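The values are calculated or read from the model by the stated rules, or taken from the named source; none is laboratory data. The structure presented is a predicted model; accordingly, all values stated were derived computationally and were not measured. Every residue, glycine as well, gets a Cβ built from its backbone with ideal geometry; the counts of neighbours run over all protein chains shown.
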């Protein structure tokens, strides 16, 4: 019984991972907001060049972010997962509406 209680406590413990400061993750999120919602039809060099040339603000943010440490801020807990999976599903639904 004591072992079961110990395992239960350990599994419910929230774990946080260190986040670098500054964190390039925020810049990558900002860059994504500048990209078109429609992905290129193919990944040819010409299609990718057109995507980058039409998104100079996104390109500048990504280029700046590549010189910094990057980590996605997460927490390992059911509460955090529940909050963020809903955000992901809403974001995907919105992007599908725009397509």
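Side notes on the structure shown:
- Residue check for residue 18: within 18 Å of residue 73 (Cβ to Cβ), at pLDDT below 85 and in a loop (DSSP other than H, G, I, E, B): yes
- Scanning the range 75-99 for residues that are out of contact with any strand residue (DSSP E or B) (no Cβ under 6 Å at 6 or more places or on another chain), modelled with pLDDT of 70 or more and outside any helix (DSSP H, G or I) gives a single hit, 77.
- Any hit, the range 62-70, residues being assigned to a helix (DSSP H, G or I) and over 15 Å from the mean Cα position of the chain (by Cα): yes
- Checking residue 50 against (1) part of a helix (DSSP H, G or I); (2) at pLDDT 90 or above, the condition it does not meet: (2)
- Selection status of residue 45, exposed (fewer than 12 other Cβ atoms within 10 Å of the Cβ), touching a residue at least 40 places away in the same chain (Cβ under 8 Å) and more than 21 Å from residue 17 (Cα to Cα): no
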